[in-house]
Every structure is written in C-alpha cells, then in structure tokens.
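Derivation of every value follows stated rules applied to the coordinates shown; laboratory data play no part. Predicted model, so just to flag it, every value in this text is computed and none were measured. Methodologically, a virtual Cβ is constructed for each residue, glycine included, from the backbone with ideal geometry; neighbour enumeration extends over all protein chains shown.
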Amino acid sequence: MKKKTWFGLWCLLLSIMVAGCSGGSGSTAEPGKTSGEEPDQPAAADAVELSFWYGWTGPEAEALEKLIAKWNEAHPEIQVKGLSQSDYQKQLTAITGGNPPDVASQFGQNVVPWGLRGAMMPLDDYIAKDGVDLDDFVPAALSTSQHEGATYAIPTAMHVSMLFYNKDILKEAGYDGPPETLGELKEYIQALSIVEDGGRLSRLGLWPGMDAYTFSYAYGGSFYDEAAKQVTPDHEGIQSAIKLSKEIWDQYGSDNLDRFSSGLGQYMSAQNPFFSGKYAMTVDGEWLPTFIKQFAPDLNYGIAPIPYDENHPERKNPGNVTTSVFYIPKGAKHPDASWAFIKWMTEPEQMAEFTAAIGNLPTRTSAFASPLYENVPGFKEFLDYSASENLKSFPATSFTNEYMTEFSAQVDAILRGTVSIEEGLANVKEKIQPLVK
C-alpha cells in the first residue's frame, strides 16, 4: 500500500480500524433478508420489534448476529432484527427523514457532532435509572461519547496503538529490546534503516510520518482548552511530536520516501512492509497480531508500549483511543426497548464475547479478565496497556471531524515542506477556532 505521509498512514490506520470493526464482505444475511426474519423461537404476539443497523460486515457481523440471536431467544417480548449497513451517512439520512432504526452503531468521533445536532438521544436518564456504572469504562473511551454532562452513546469496543518490532532485525543491530523513550526511538530508527547509494531506501526503522495524535500525547500534548474554549493545535507537546517526525522525514527526503513507499506491499497480505522486513518497527492496533498469524506466522516479533518522553517518566504508556459505539437515534419508535438491548449488549459478558470474536478491545475494565481473550493473539499486551492512565482521546466537540481533517492536511504539508510547523499549525487554528461555540 502506498503511504507517502503521516496523513496517508492515518488514513490507513482508520481504514484498518474500519476493517477491524466492520470486516469487508457485506451482510451475512441472504440478499433481501435481515437477521431476525427466522428467529429460533416464535416471537410473542405483542412483541416489540427493533431494527438494528450496524457497520460490521463479514465475520464481525456473524459474531454480532450470534449475540442478537442470543438476545432474541432470551427476550421474546423484544425481538431485534439486525442489518449490516456500513454506509453511516445513510443513518443520518434516515434520522433526518424521520425513519431511523431503533438502534445503531457508529464511530466515536461522530458521536458528539451528531448528538449536538440532535441526531442521537441522550442516554443519561436511562443510565441513572438502571444504575449503569460509568466508572467501569475506560475514561478515554467513555469521553468519546460525552459532552458537557450529556452521554449520547455507549462505547462497546475501543482501539489503541502499540509499538511492534521485529526481534530478529533488532538483534542483528545489537539491540536486546525495543526503544523505551522517544530519544531512543529516534536512535533506533536511524540505526535500523538501510540507505543504499544515492539515498535509496531498502528498509526503514519506522515510517517517519508517525501517528501525530499518539505521539502528541506522548509529549503531553493537548488539542483543546475546554476552560478557555480555544483549540490548541500549537500546543508545545503537539509541536514536539511533529518536530520528531519532521526531523526523521527530512533525513531521508520526500523523493526517497516516495520511491520507497511505491514498492511496498499491501497491508493485509504477506507483503505488508512490517511482515516482509521493510519496516523494522511499526505503530499499529490490536488487530495486527491476528493479521500476523494469518499472513506471517513465522514472524519473530514483539509488542511494546509507545515510547515516552524521557524528561517526563510520568507520561509512560501514552496512547490515542478511538471507539465503536451503540446509540439510540432520534425518533426511534421504541427507545425504552432500544435502551434495554444496548444495556445488555454492553454488559461485561456480552462485550467480552463480541470484542474477543472480532479482535477489538473492550471498553469496560471489568471485562478485561474474561477468559475469552486468552486465545486472541497479542491481547495480553493490549489489555494491560488499556489500563494506562495516560491514554487520551481526541476532544469530543461539535467540530471534531473538521478539526481532525484540517490537522491531518497541515501535518502532511509540514512534512513535505510546503509550510513550516508554525505556519501549518497556525492555519489549523485560524480555520477551526471560528467553529467553537
């Protein structure tokens, strides 16, 4: 897969997150048939029927359908019909058109923008009535669904990144283990990269357009000052993260990096650059060990925390959290029944069953100890990491998507030298600050 800049890497990460959350082969039901048309048991004569639109497809949809069937068997009074619908824009169209599903899934970054537009029902009354323990949720995951005291969705799965490293390549270079600090990371990248005559790259220690969100948090960065109502893309920590990427990028040059990236293999294949040894290290999510098992079972690799700022050891185990959520659309015909289903789906037992099946992380800490995760590749490291107090999520605001899009575009321009770091981040602030309400 061709990856030229950090923005390209971020898009790749997002696309793989979608793959990890959504699969890739369409609905598991027969054409024209939804999952609930043939329940295992007859529905009660006066049963409430819920329509449930979700974004997962393929094997992930199959795992979800098993839980839907389990619910339907145990709750004849509320029957759920699932429909794999990965076009999330259709959800918004249905909601604004007054014909929404009763329950739906969504990505966490869309929750607050949609909630503030009135597309999602606040769930706080239901949460209080049923005594749902919000303290059981990973704070960074829950924050993607909340804004100014209102909770618009319940996160059911989350995603974080860690550092993957090729043990054999590191050993050949004289390293016994992965880099622990950001200073060491820079040293490792230089030592593990191979530059041929004329600047041609044959291996990179780590792609220099690194995840700017994750590494901004590693440097203590913050994207928004809630008290001052100010966007802060020029925060010192964010600038430090971009400077690190820029220094490494400039060491090799855009032309050489473009030439190198043009020859890289597809992500979901044995030619994945990390699997094939083109990358000595990579930053990726909890789904990667499953892909390694499938495409590169003999790869000798390790999983390590994201390196931290050596000047601030209190920032160890940093990370950026994204989520998948369940919510009740505005105008849902049976909101009480919809909530009952969401509450059940996000209880620890069902959450563990679903996330273990699709290779995603649970958002409830009480689910971490489930034995269902024991056979999921790489999950011990990721579950341990999920308990870190230094995991953050991008600020949940009405302008989250616009902010992330502009920030990514400007980081791209900074790395390629079109604008300076100061100019690029000033451009972000100039464009996004007027959106703050």
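General observations
- Dipole of region 361-437, positive end: most advanced residue of 419, 377, 363 [Cβ charges, Cα centre]: 363
- For region 182-242, the set of trypsin sites (Lys or Arg not before Pro) satisfying both a DSSP loop assignment and a count of at most 14 other C-beta atoms within 10 Å is given as 200, 229.
- Of all the options 313, 348, 233, the one that moves most in a Gaussian network model of the chain with Cα springs shorter than 10 angstrom is 313.
- Extending 7 Å from the Cα toward the beta-carbon at both residue 255 and residue 99 defines two label points whose distance is 5.8 nm.
- Computed 3J(HN,Hα) for region 228-241, one whole-Hz value per residue from the Karplus formula 6.51 cos²θ - 1.76 cosθ + 1.60 where θ = phi - 60°, is 8, 6, 10, 6, 10, x, 9, 4, 4, x, 5, 4, 5, 5, glycine and proline marked x.
- Computed lengthening from residue 73 to residue 226, 0.36 nm per intervening residue step minus Cα-Cα distance: 50.5 nm
- Region 303-421 shape via C-alpha gyration tensor axes, a/c threshold 1.5: oblate
- The GNM of the chain, with springs linking C-alpha atoms under 10 angstrom apart, assigns the highest mean-square fluctuation among 277, 118, 149 to 149.
- Projecting the Cα atoms of 320, 266, 281 onto the charge dipole of region 261-329 (Cβ charges, centred on the Cα centre) puts 266 farthest toward the positive pole.
- Degrees between helix 182-192 axis and first principal axis of the chain (Cα, 0 to 90, nearest 10): 70
- In sequence order, calculated HN-Hα J values of region 417-431 (Karplus, 6.51, -1.76, 1.60; Hz; x Gly/Pro): x, 5, 9, 7, 4, 4, 5, x, 6, 5, 4, 4, 4, 5, 7
- Judged by the ratio a/c of the largest to the smallest principal axis of the C-alpha gyration tensor, region 209-299 counts as oblate, that ratio being 1.5 or greater while a/b is no larger than b/c.
- Each Lys and Arg adds +1 at its Cβ and each Asp and Glu adds -1 at its Cβ; summed about the Cα centre, the chain shows a dipole of about 1020 debye.
- For the chain, the 222 nm mean residue ellipticity estimated from helices alone, with every DSSP H stretch of n ≥ 4 adding -39500 (n - 2.57) and the total spread over all residues, rounds to -12000 deg cm²/dmol.
- Checking the cross-link pairs 278/429; 229/380; 70/330; 278/431; 70/129; 171/293 against a 32 Å limit on the alpha carbon distance flags 278/429; 229/380; 278/431 as lying beyond it.
- GNM top mover of 190, 89, 251 - the chain, alpha-carbon springs below 10 Å: 89
- With θ taken as phi - 60° and the Karplus curve 6.51 cos²θ - 1.76 cosθ + 1.60 applied, the whole-hertz 3J(HN,Hα) list for region 91-96 is 4, 5, 4, 5, 5, 5 Hz, x standing for glycine and proline.
- Residues whose amide H comes within less than 5 Å of that of residue 193, counting only those at least five positions distant or on another chain, are 205 (H built at 1.01 Å from N in the peptide plane).
- Here the convex hull built on the C-alpha positions of region 41-188 has a volume of 199 cubic angstrom per residue.
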